[in-house]
Amino acid sequence: MSSVIEQIEQQIANLQTKTVQSNIGKIVTIADGVAKIEGLSEAMYNEMIEFPGGTIGIALNLEEDAVGVVILGESTHLKAGDEAKCTGKLLSVPVGKGLLGRVVNALGAPVDGKGPVESSESYPVEKIAPGIIERKSVDQPLATGIMAIDSMIPIGRGQRELIIGDRGTGKTTIAIDTIINQAKINEVGLASGDESFRPVYSIYVAVGQKNSNIARTLGVLEEAGALKYTIIVTAGASDAAADQYLAPYSGVAMAEWFMSNGMDALIVYDDLSKHAAAYRQMSLVLKRPSGREAYPGDVFYLHSRLLERSARVNEDNGNGSITALPIIETLAGDLSAYIPTNVISITDGQIFLETDLFNQGIRPAVSVGLSVSRVGSAAQIKATKQVAGKIKLELAQFRELAAFAQFGSDLDAKTKAQLDRGSRIVELFKQPAFNPLPIEEQVAVLWGIQNNYYDDIDVSRIVPAAASIREFFTTRKEVLLVSIREKAKIDDELGAELKKAYDEWKPSFA
């Protein structure tokens, strides 16, 4: 008896009588993953709203008498009359190194069947971008391993470089090559024991893609050994529009953890055209007024608040960086469409891929005339600047001359020489997919074109010649490649070594 009394006394002592206030509303209508809720007078923009069964939504429309909530994940079990509750929290996703090597959805939950994600921290998906005072100028290279890009359109850590082109021109390939190249550099740098080395961790965000494409990308990264430095955030074509809208913001939140902890991250958004289409779909269901091409008026803000979060911050703010490679798909090469012009104006340059070049077998199909890097040679090592300085100009002049030369008029010797040189550079820049080249190999190959070693080789044999010289350097002149990498500039001594190496290679190839 006494034990029962003691238990009752204990329960009375533990009883908490304070009232808990919560803001509860009711679903009025629900369709296409969007619910209209009455009674949520305290709801804030972008706040998480809780539904029965643990389902989560985001408050996106705050009207006078109702709140428009976009539901994340499955919503078939919800119906009109169900309760909805304010949580007072912004949507957050797990962050940290525990996510590396994993495939997660837009909410950061694993979808690869490898068990739960090891993460003790979370970051909000929406965050104000670093201000100008917190930033630092971009001057460290982020090598893609693609010779045409690293020599002519260099990308730096903290830059936002748009990859744009029609469907099937190799946009994703360039992004995947860059991720693989960073993994290769990480392997070499971490193995060297150099304490000043800073690895680059990659986040690949797949928006609105077929699951088979995402699986193929995953397979390529795994085969190249790059998956252990990469997080894949996926919102496939079969996922709800809300998940596709959220995925890029979740990805950049994961990247921000690396930046604020003094590390470097690379994030690929593949692609933002589908992201804008998902946002348009949500907005039309939310009855927001539509503007140009049926997109809502704030579609520019949609991408600007995402891409502005990429930055290189100074020492006082963690000394980290996020480099962004957004991808945009054009229709029939139309750069002046709504979404392409929006994103071009937000980014620090673009790599434009041309369908005609791709079909001619010039791959990567980079258009020299329309591609630009607004960071420029600040993001190149001195050796690359030395050997690639004039190449972009020569190639642009060649493309212009080639257009006139096809009319078959008689050409003077100078024009013929320019055309010959240009066609050799074009051949030299051809590179197979998923085969990024270390920067020292690129320098060695480009030094040869600068010093006219390819001029007497037939144009049809330039590709095998480039492969041959690379093999020659990697097998017989490895010490020279290491000194190019360590010195990062070509002095007289290195120049003499390169000349000697080329003189040795030339007869064996001929």
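No value in this document is a laboratory result; all are computed from the given coordinates. All values derive from a computational prediction rather than experimental measurement. Using ideal geometry, Cβ is built from the backbone for each residue, glycine included, and neighbour counts are taken over all protein chains shown.
Percent antiparallel among DSSP beta bridges with both residues in the chain, to the nearest 5?
55
Show me the chymotrypsin sites (Phe, Trp or Tyr not before Pro) within segment 353-415 that DSSP assigns to loop and that have at most 16 other Cβ atoms within 10 Å of their Cβ.
Filter output for segment 353-415: Phe407.
How many nm separate the modelled label positions at Asp420 and Ala109, each set 7 Å beyond the Cα in the direction of the Cβ?
Result: 6.6 nm between the two label points.
Taking square-rooted eigenvalues a ≥ b ≥ c of the alpha carbon gyration tensor, is segment 386-509 rounded, prolate or oblate, where a/c under 1.5 means rounded and, failing that, a/b exceeding b/c means prolate?
prolate
When the helix-only estimate is applied to the chain (DSSP H runs of n ≥ 4, each -39,500 (n - 2.57), divided by the residue count), what is the mean residue ellipticity at 222 nm, nearest 500 deg cm²/dmol?
After summing the helix terms and dividing by residue count, I get -12500 deg cm²/dmol.
Give the shape of segment 93-332 as rounded, prolate or oblate, defined through the alpha-carbon gyration tensor: a ≥ b ≥ c are the square roots of its eigenvalues, a/c under 1.5 means rounded, and otherwise the shape is prolate if a/b is larger than b/c and oblate if not.
Rounded shape, in that the Cα axes give a/c under 1.5.
If you keep only loop residues by DSSP, which trypsin sites (Lys or Arg not before Pro) in segment 147-241 have at most 13 other Cβ atoms within 10 Å of their Cβ?
Arg167, Lys210
Using modelled amide H (1.01 Å from N, peptide plane; none on Pro or chain starts), what sits under 5 Å from the amide H of Leu142, excluding residues fewer than 5 places away?
Ile155, Gly156, Arg157
Calculated FRET efficiency, Thr76 and Lys210, Cβ-Cβ r, R0 22 Å, to nearest 0.05?
That gives a FRET efficiency of 0.45.
Over the chain, calculate the relative contact order: mean separation of alpha carbon pairs under 8 Å at least 6 apart, over the residue count, as a percent.
Relative CO of the chain lands at 15 percent.
I need the shape label for the chain. Rule: rounded when a/c is under 1.5, else prolate if a/b > b/c, else oblate, with a, b, c from the alpha carbon gyration tensor.
Prolate, because a/c is 1.5 or more and a/b exceeds b/c.
Let me check against my output: what whole-number percent is the relative contact order of segment 24-89, with C-alpha pairs under 8 Å and at least 6 apart?
41
What residues have an amide H closer than 5 Å to that of Thr87, excluding those fewer than 5 places away on the same chain, when H is modeled at 1.01 Å from N in the peptide plane?
Met48, Glu50
Expressed as a rounded percentage, what relative contact order does segment 352-510 have, with Cα pairs under 8 Å and six or more residues apart?
Relative contact order, segment 352-510: 25 percent.
Evaluate the distance, in nm, between pseudo-label points positioned 7 Å from the Cα of Glu118 and of Leu15 along their respective Cα→Cβ axes.
4.7
Pop the C-beta distance of Ile128 and Leu411 into the FRET formula with R0 = 45 Å and round what comes out to the nearest 0.05.
So the FRET efficiency works out to roughly 0.20.
Write out the trypsin sites (Lys or Arg not before Pro) in segment 241-317 meeting two conditions: DSSP loop, and at most 13 other Cβ atoms within 10 Å of their Cβ.
Qualifying residues, ordered by number: Lys287.
What FRET efficiency comes out for the pair Ile8/Glu42, r = Cβ-Cβ distance, R0 = 45 Å, nearest 0.05?
0.75
How many nm is it between the label spots at Glu471 and Ala510, if each spot is 7 Å from the Cα in line with the beta carbon?
2.0
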